[in-house]
Amino acid sequence: MVVPSRPSRQTNLALLLLLAGAFATGWLAFGVEGSPQSRTVSEVHGILGLGILVLAPWKSVIVRRGLRRRRRHTVAVALAVVVTVSLAAGVVHATLGPLEVGGVRVLAVHVASAVAVALLVLLHVARRAQRPRQTDMSRRTALRAIVVGGAAALAYGAAESVTSVAGLPGRHRRATGSYEVGSGVPSTMPVTQWFTDDVARIDLDTYALRVSRPGEPTTALSHGELLAMSGTTQVAVLDCTGGWWAEQTWRGLRLDTLLGTPDRGSVVVRSATGYTRRFPPEDTSVLLLATQVGGALLSSGHGAPVRLVAPGRRGFWWVKWVDHVSVEPQPWWSEPPFPLQ
């Protein structure tokens with residue numbers, strides 16, 4: 001293998017690029033469910049992560065050299081520890097399945113530590129900024145990058161082969177990295193929600209779904225009225241960013257039944273908790289306001305009395321405890337790609 005003859009700033013720059021790429025593809029993977037690109041994004045994410053391990057021997061020499069200098073190393077040491085935790089948790093999830101440690105999913109550890117890595121990298125770079133050099137874009141640098149990338153890709157392929165041959169749980173994970181849990185048996189499907197939400201307990205007798213259309217007064221539908229209108233059955237996969245997926249048979253009413261198909265603006269679906277997602281107008285024909293799953297009424301944990309079913313989108317788009325749907329003038333892309341509350 002052709003490698004740098006000695007540790008250099010190029011190793012640090014390569015690690016910075018790998019960390020940035022792994023972070024970006026990790027978040028991108030949250031939004032590509034149902035897309036042909038989902039497996040590609042997942043594979044690139046894994047290769048970039050293993051690329052960090054490929055460069056670890058050269059980085060360790062730099063670290064040992066730096067520790068001999070008289071300066072503070074708190075941020076650098078913390079960064080090394082958190083990167084190690086994130087990589088280890090990612091590998092465990094990809095090979096051994098959705099394990100939990102002390103009630104915390106390994107995937108959650110992977111994601112949380114990745115966020116910590118991003119913050120520590122920004123702090124580390126700010127304290128030890130380096131100016132770009134012409135040699136950073138040399139042919140030799142390009143060749144070294146190709147070698148590192150090739151080694152990381154081989155390592156990823158080897159890990160996938162071992163996982164398959166050894167019969168490890170990782171061989172059954174979806175392209176998004178999620179594992180099947182509770183398909184066809186809604187009661188065994190995990191109860192999860194966005195991290196700022198708690199399970200809402202809503203009185204069905206007083207519940208009302210508000211419907212707002214441009215130029216018309218807001219109307220309200222009771223739970224009984226929604227049940228009477230629930231004539232559409234749809235099989236759809238809920239793929240949660242918590243690392244699990246389940247295919248269920250949902251029953252309810254399509255959103256275009258209430259809102260039609262607006263020619264502009266966006267469709268907004270709000271939860272009783274304040275959680276909100278905004279959709280393109282043309283999606284009203286595929287979005288389902290579900291009142292039942294698997295032939296039974298929804299449970300509180302799974303979004304009763306009404307939840308959104310959004311085929312082809314990750315779980316954080318499937319708004320639970322829906323109490324308001326509306327058409328608004330803002331474009332659907334005007335909200336952040338991931339919820340901020």
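We did not get these values from a lab; they are worked out from the coordinates using the rules stated. The structure presented is a predicted model; accordingly, all values stated were derived computationally and were not measured. Ideal geometry is used to build each Cβ from the backbone, glycine not excepted, and the neighbour counts take in all protein chains shown.
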Original post:
Mind checking which residues of region 90-113 are aliphatic (A, V, I, L, M) and either touching an Asp or Glu at 6+ places or on another chain (Cβ under 8 Å) or over 21 Å from Ala159 (Cα atoms) (or both)?
Top reply: Val101, Val104, Val106, Ala108, Ala112
Subject >> Residue ID - nearest to Thr188 (Cα to Cα), chosen from residues in region 234-253 that are aliphatic (A, V, I, L, M) and surrounded by 20 or more Cβ atoms within 10 Å (Cβ to Cβ) >> reply: Ala246
Subject >> Tally of residues being hydrophobic (A, V, I, L, M, F, W, C) and exposed (fewer than 14 other Cβ atoms within 10 Å of the Cβ) across region 196-231 >> reply: 3
**OP:** Among what's in region 160-177 and is out of contact with any Lys or Arg (no Cβ under 9 Å at 6 or more places or on another chain), surrounded by 17 or more Cβ atoms within 10 Å (Cβ to Cβ) and small (Gly, Ala, Ser), pick the residue that is nearest to Leu340 (Cα to Cα).
**Re:** Gly177
Original post:
Hey, does region 309-326 have a residue that's surrounded by 23 or more Cβ atoms within 10 Å (Cβ to Cβ), in contact (Cβ under 8 Å) with a residue 12 or more places away in the chain, more than 24 Å from the chain's Cα centre (by Cα) and at negative phi?
Top reply: yes
**OP:** Mind checking which helices (runs of 4 or more DSSP H) fall wholly inside region 9-128 and carry at least 2 residues that are touching a residue at least 40 places away in the same chain (Cβ under 8 Å) and surrounded by 20 or more Cβ atoms within 10 Å (Cβ to Cβ)?
**Re:** 9-29, 38-54, 74-96, 106-127
